[in-house]
1. Residue check: is residue B:128 without any contact (Cβ under 8 Å) to a residue 60 or more places away in the chain, within 14 Å of chain A (Cβ to nearest Cβ) and in contact with a helix residue (DSSP H, G or I) (Cβ under 6 Å, 6 or more places away or on another chain)?
2. Exactly one condition in (1) under 13 Å from the mean Cα position of the chain (by Cα); (2) surrounded by fewer than 17 Cβ atoms within 10 Å (Cβ to Cβ); (3) within 28 Å of residue B:164 (Cβ to Cβ) is not met by residue A:52; state its number.
3. Just for helices (runs of 4 or more DSSP H) wholly inside the stretch A:54-130: which have at least 2 residues that are within 14 Å of another protein chain (Cβ to nearest Cβ)?
4. Please enumerate the residues belonging to the stretch B:48-71 that are crowded, with 19+ Cβ neighbours inside 10 Å, over 14 Å from the mean Cα position of the chain (by Cα) and without any contact (Cβ under 8 Å) to a residue 60 or more places away in the chain.
5. What about residue B:112, is it within 14 Å of chain A (Cβ to nearest Cβ), modelled with pLDDT under 95 and not in a helix (DSSP H, G or I)?
6. Can you pull out every residue in the stretch A:1-44 that is part of a loop (DSSP other than H, G, I, E, B), out of contact with any helix residue (DSSP H, G or I) (no Cβ under 9 Å at 6 or more places or on another chain) and within 14 Å of another protein chain (Cβ to nearest Cβ)?
7. Within the bounds of the stretch B:145-162, is there any residue that is free of Cβ contacts under 8 Å to residues at least 60 places away in the same chain, more than 10 Å from chain A (Cβ to nearest Cβ) and within 16 Å of residue A:128 (Cβ to Cβ)?
């Protein structure tokens, strides 16, 4: 089973210069746990900011989310994989890199995101297919 | 146990063979739909209608077998409900294939629709696996859970597609209606397959 079958194609983006407050608002509003941080003049590489980054790197440190830039807390690089990667290989990469989500890419374009819950769901389906 | 209870007569075996054929045809129709959508092949899309008609013939055979006295009476309603639900999936596929002829799908909406078509195919295949497992008297828990997971996935995509749809410009009312009807038929398939798997679960439980 390939990751493209189980990925979520709803990927939301945010500017690196936006505040963490904006990121929180977006994540709560869209009911998602991560945003792709667009590259900017200062940070050339795209990154990802997750609910975990927001809580651990800003809220838990009693910083003001309104005055911290998203780019400052974003994780880089984005871990990308081809759409034909098997879900088990994707799970291995997530374990190896210690990340909760990997991005499914085609060239420069992000097609979707494959997360821990997607890995668990696809494992149940693989089991049922046996 | 299930096999013993179901396969004690020729009538039952005949009906079960037809039911197996019915679900296999459904898998073929879902596969044809997916491939036609992916390759933008209108001729292949027409075969969905042909498979639906073939499915209809098989459905009538099954109903005939059951009314001729196949199976214990208390099993018949749920077996019939299963067959009718599978038939409903055929109808949705056929309707979607007809609306597709009037549409030019491209970009994000085509991509999302193709993904849903793949998930529909996987669900149909899983329904076949579930049906076979039921005939062997195996537990269906893993299988029906897999179908529910697929359905939830399609459900999430449904919400996203409805947002994408709002950004699409249409020429006139009829193009908008065809697009809307195409999508609602396409995303409705997963609900019906889930209902069919629930029927199998009920039949399985009622045998214990």
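1. no
2. Failing condition for residue A:52: (3).
3. A:116-129
4. Result: B:58, B:62, B:65, B:66.
5. no
6. Passing the criteria: A:11, A:31.
7. yes
Matching residues to (1) crowded, with 20+ Cβ neighbours inside 10 Å; (2) farther than 27 Å from residue B:123 by Cβ; (3) touching a strand residue (DSSP E or B) at 6+ places or on another chain (Cβ under 8 Å):
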{"residue": "A:7", "(1), (2), (3)": "yes, no, yes"}
{"residue": "A:14", "(1), (2), (3)": "yes, yes, yes"}
{"residue": "A:20", "(1), (2), (3)": "yes, yes, yes"}
{"residue": "A:59", "(1), (2), (3)": "no, yes, no"}
{"residue": "A:71", "(1), (2), (3)": "yes, yes, yes"}
{"residue": "A:120", "(1), (2), (3)": "no, no, no"}
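The values are calculated or read from the model by the stated rules, or taken from the named source; none is laboratory data. This is a predicted model, so every value here is computed, not measured. Note: ideal-geometry Cβ built from the backbone for every residue, glycine included; neighbour counts use all protein chains shown.
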